[in-house]
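Asks: This is the structure, below, for whatever I ask next.
The values are calculated or read from the model by the stated rules, or taken from the named source; none is laboratory data. Everything numeric here is computed off the predicted structure, so don't read it as measured data. Because the Cβ atoms are built from the backbone with ideal geometry, glycine has one as well, and the counts that use them run over all protein chains shown. Calculation scope for accessible area: heavy atoms of the full protein, side chains included, ligands and nucleic acids excluded. Shrake-Rupley method; radii C 1.70, N 1.55, O 1.52, S 1.80 Å.
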Amino acid sequence: MNFTANRMLLYDAVKTVLKVVNKNKEIPEISGVLIEANADTGILTLTGTDIRTHIQRRLRQEHIVESGSIILNPILSEMLWLLAGETVTFQNDGQMIRIYSGNCKYTVPYLQAKNFPKLQIPFPEDTFQIRGINSLIKRTVFAADGTVADHTKVTFSYVKLSFEDGTTKAQATDGNCMAVTLLSHCADGKMEMILHEKALQILASIVKPDEELYVGIVGKFAIFMKEDMFFSTMLFTGHYLEASTVLEKVRPVYGATADAKALYELIDNISTVFTAGDDRCVNVSLSDESLLVRAKTAVSVSASAINVIDSIPTPPEGFHYLPKLLTDCLRHMTGPVKIGIDNRGFVLLEGNGSRYFVCPRGPVRIVQKEENTEKKTKAKSKTSLKAA
């Protein structure tokens with residue numbers, strides 16, 4: 001292998017494929033970046049994978065003297081950043097790879113490319129264009145839980161994307177919070193796919209807000225493409241719990257309309273009363289003109305309210321919630337947000353093409369702070385002396 005490429009373009013490509021690369025002791029080859037140089041086409045291809053998801057970037061019209069393929073450690077990204085030259089040259093001497101740029105040279109080991117689990121996926125037969133997918137993902141993916149280990153709850157790790165009639169719908173749930181978001185005029189085809197939340201977070205991080213992608217399905221994989229970028233990830237084919245189906249059954253009996261930012265700041269500020277070990281619980285209630293949030297710990301009580309309109313008051317005792325579930329939803333909303341609460345306390349937040357559902361919880365459990373051990377010891381000693 002022997003090639004010269006634009007250093008910053010190569011650095012950007014390496015950073016992109018590294019989004020999916022993780023250290024793997026069982027398969028060390030996928031802990032690095034696969035670099036393939038083709039002297040016939042002048043194309044330099046970089047690939048990263050975690051087995052489930054693949055990212056591939058292509059650099060065209062590079063000066064490739066000799067074809068070849070190797071796997072390099074992720075530290076390559078830092079090397080390319082620290083080099084100073086406009087171009088960078090890679091030369092393989094059969095045992096080590098030499099990297100030149102300006103007056104600097106690195107000599108590093110590499111792994112053989114033959115053991116890299118490169119995915120051979122043909123170009124999808126049917127594709128269509130989508131736009132704004134990263135905004136939709138960010139407003140939905142937080143409601144999924146990618147850390148689920150229980151196979152009976154694996155559906156909580158996935159997000160469903162539905163493309164139809166120019167509109168894209170995304171939905172996700174972790175059992176306590178549900179999100180259903182819509183984006184209009186962003187797709188010109190019809191398709192459904194269920195993808196892992198981590199894969200979608202990676203996709204959102206490598207696509208610009210208004211960037212157009214082509215999307216398709218090949219076998220068990222969803223494919224997202226743009227010029228010189230290929231992203232593929234495995235589809236989920238098991239039973240999926242659709243958040244939209246659950247939301248259709250919610251029947252609010254209390255409610256109001258509030259400003260999303262004001263409500264977010266209210267709950268966020270109230271939550272500052274909590275310290276390590278506290279049961280993080282807020283109480284929410286509606287009166288004729290205001291929404292009141294209260295928080296209580298063993299050492300403090302905090303309460304504050306904001307004005308609302310079109311209020312249908314709740315019972316004075318209100319309902320209890322984990323504040324993080326509410327703020328995670330509200331941080332993705334702007335302007336007026338419609339709040340609906342059913343008679344059991346389940347909350348429905350609607351606004352900006354998003355619908356969020358939050359489950360209530362039981363009342364706060366006050367955690368009594370233990371007295372300082374040293375003070376207890378001194379107090380006990382004084383009592384013993386008096387008794388003597």
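Asks: Report the gain in length on full extension from MET96 to ALA276: 0.36 nm times residue separation, minus Cα-Cα distance, nm rounded to one decimal.
Replies: Working: separation 180, 0.36 × 180 = 64.80 nm, distance 5.06 nm.
Separation in residues times 0.36 nm, less the Cα-Cα distance, equals 59.7 nm.
Asks: If THR314, THR275 are ordered by their accessible area, calculated over protein heavy atoms with a 1.4 Å probe, which sequence runs from highest to lowest? Mind dumping the intermediate values first?
Replies: Values: THR314 15, THR275 70 Å².
Largest to smallest exposure gives the sequence THR275, THR314.
Asks: Can you pull out the trypsin sites (Lys or Arg not before Pro) in region 49-118 that DSSP calls coil and that have at most 13 other Cβ atoms within 10 Å? Walk me through the numbers on the way to the answer.
Replies: Working: sites: ARG52, ARG57, ARG58, ARG60, ARG98, LYS105, LYS114, LYS118; in loops: ARG52, ARG60, LYS118.
Passing sites in region 49-118 are ARG60.
Asks: Diagonalise the Cα gyration tensor of region 228-347 and give the resulting equivalent ellipsoid semi-axes, square root of 5 times each eigenvalue, largest first, whole Å.
Replies: On the way: eigenvalues 174, 81, 48 Å².
Over the Cα atoms of region 228-347, the semi-axes work out to 29, 20, 16 Å.
Asks: Tell me, what does the Kirkwood hydrodynamic radius of region 86-237 come to in angstroms if you use every pair of distinct C-alpha atoms?
Replies: Values: mean 1/r = 0.0565 Å⁻¹.
Every distinct Cα pair counted, the radius reaches 17.7 Å.
Asks: Continuing with this model, one more query. Got a sec? What order do ILE30, ILE202 fall in by accessible area at 1.4 Å, biggest, i.e. largest, first? Could you put the intermediate results ahead of the total?
Replies: Details: ILE30 5, ILE202 25 Å².
Final ranking, largest accessible area leading: ILE202, ILE30.
Asks: Projected area of region 190-235, taken from the Cα convex hull and averaged over every viewing direction, in nm²? Before the final figure, lay out the partial values.
Replies: On the way: hull surface 13.6 nm².
Projected over every direction and averaged, the Cα hull of region 190-235 covers 3.4 nm².
Asks: Now, a different point. Taking the Cα centre of region 192-233 as origin and charging only Cβ (+1 Lys, Arg; -1 Asp, Glu), how large is the dipole, in debye to the nearest 20? Intermediate results must be reported in sequence, preceding the final value.
Replies: Details: 4 positive and 7 negative charges, 46 e Å.
Computed about the Cα centre, the dipole is about 220 debye.
Asks: Still on this structure: Filter the trypsin sites (Lys or Arg not before Pro) in region 1-40 to those in DSSP coil with at most 12 other Cβ atoms within 10 Å of their Cβ, and list the result.
Replies: On the way: sites: ARG7, LYS15, LYS19, LYS23, LYS25; in loops: LYS23, LYS25.
Filter output for region 1-40: LYS23, LYS25.
Asks: Okay, moving on. If each DSSP helix of 4+ residues adds -39,500 (n - 2.57) and the sum is divided by the residues in the chain, what number results at 222 nm, nearest 500 deg cm²/dmol? List each step's numbers first, then the result.
Replies: Numbers: 8 runs with 73 residues, N = 388.
Taken over the chain, the calculation gives -5500 deg cm²/dmol.
Asks: Still on this structure, I have one more. Please work out how much length the chain gains when fully extended from GLU78 to GLU125, using 0.36 nm per residue of separation minus the C-alpha to C-alpha distance, in nm with one decimal. Write out the running numbers ahead of the final one.
Replies: Details: separation 47, 0.36 × 47 = 16.92 nm, distance 3.84 nm.
Taking GLU78 through GLU125 to full extension adds about 13.1 nm, to one decimal.
Asks: Taking springs between alpha-carbon atoms closer than 10 angstrom, which of VAL148, VAL367, VAL293 fluctuates most in the Gaussian network model of the chain?
Replies: VAL367
Asks: Still on this structure, I have one more. Dipole of region 284-365, Cα-centred, from +1 at each Lys and Arg C-beta and -1 at each Asp and Glu C-beta, to the nearest 20 debye? Before the final figure, lay out the partial values.
Replies: Details: 9 positive and 7 negative charges, 89 e Å.
Approximately 420 debye in magnitude.
Asks: Please name which of ILE270, THR16, GLY68 has its Cα lying farthest along the dipole of the chain towards the positive end, using unit charges on Cβ (Lys, Arg +1; Asp, Glu -1) and the Cα centre as origin.
Replies: ILE270
Asks: Decide, for region 28-91, between rounded, prolate and oblate: order the square roots of the alpha carbon gyration tensor eigenvalues as a ≥ b ≥ c, take rounded if a/c falls under 1.5, and otherwise choose prolate if a/b is larger than b/c, else oblate.
Replies: Numbers: a/c = 1.96, a/b = 1.21, b/c = 1.62.
Oblate, because a/c is 1.5 or more while a/b does not exceed b/c.
Asks: Separate question: What spacing in nm lies between the two simple spin-label points modelled at ALA39 and ARG365, each 7 Å away from Cα in the Cβ direction?
Replies: For the pair ALA39/ARG365, the computed spacing is 6.9 nm.
Asks: Keeping every protein chain present and rolling a 1.4 Å probe, give me the accessible area per residue for region 319-364 in Å². All intermediate terms of the calculation are to be shown ahead of the outcome.
Replies: Working: 1830 Å² over 46 residues.
Ligands and nucleic acids excluded, the figure is 40 Å² per residue.
Asks: Provide the gained length on full extension for the span ASN115 to MET8, in nm with one decimal, where the gain is 0.36 nm per separating residue minus the Cα-Cα distance.
Replies: Values: separation 107, 0.36 × 107 = 38.52 nm, distance 2.80 nm.
That works out to 35.7 nm of additional length.
Asks: Still on this model: Which value, in debye to the nearest 20, gives the size of the charge dipole of region 1-133 about its Cα centre, when Lys and Arg are +1 and Asp and Glu are -1 at the Cβ? Please list the in-between numbers first.
Replies: Values: 14 positive and 13 negative charges, 67 e Å.
Computed about the Cα centre, the dipole is about 320 debye.
Asks: Ignoring any ligand, DNA or RNA, what whole percent of the accessible area of the chain comes from carbon and sulfur when the probe is 1.4 angstrom?
Replies: Values: 10170 of 20240 Å².
Result for the chain: 50 percent of the exposed heavy-atom area is carbon or sulfur.
Asks: Is the shape of region 149-200 best called rounded, prolate or oblate, per the rule: a/c under 1.5 gives rounded, else a/b larger than b/c gives prolate, else oblate, with a ≥ b ≥ c the square roots of the Cα gyration tensor eigenvalues? Don't skip to the answer; put the middle values down first.
Replies: Working: a/c = 3.15, a/b = 2.11, b/c = 1.49.
Prolate.
Asks: Follow-up question, since we're still on this one. Using only the alpha carbons of the chain, what is the convex hull's orientation-averaged projected area in square nanometres? Present the calculation step by step, with values, prior to reporting the outcome.
Replies: Numbers: hull surface 115.6 nm².
Over all viewing directions, the chain projects a mean Cα-hull area of 28.9 nm².
Asks: Something else now. Which of ILE71, ILE97, ILE339 ends up with the largest GNM mean-square fluctuation for the chain, with Cα atoms connected below 10 Å?
Replies: Fluctuation is largest for ILE97.
Asks: Would you please give the FRET efficiency between THR257 and LYS25, computed as 1/(1 + (r/R0)^6) with r the Cβ-Cβ distance and R0 = 35 Å, to the nearest 0.05? Please list the in-between numbers first.
Replies: On the way: r = 54 Å, r/R0 = 1.53.
So the FRET efficiency works out to roughly 0.05.
Asks: Can I ask one more? Say the cut-off is 18 Å between C-alpha atoms; which of LYS153/LYS220; LYS23/LYS220; LYS138/LYS169; LYS19/LYS208; LYS15/LYS160 go over it? Walk me through the intermediate numbers first.
Replies: Details: LYS153/LYS220 21 Å; LYS23/LYS220 25 Å; LYS138/LYS169 13 Å; LYS19/LYS208 15 Å; LYS15/LYS160 27 Å.
Where the Cα-Cα span goes over 18 Å, the pairs concerned are LYS153/LYS220; LYS23/LYS220; LYS15/LYS160.
Asks: Still on this structure, I have one more. For the chain, set up a GNM with springs between Cα atoms under 10 Å and report which of SER285, SER354, SER67 has the largest fluctuation.
Replies: SER67
Asks: Any idea which of ILE309, TRP81, VAL364 is furthest toward the positive side of the dipole for the chain, if Lys and Arg beta-carbons carry +1 and Asp and Glu beta-carbons -1?
Replies: Farthest along the dipole direction, towards plus: VAL364.
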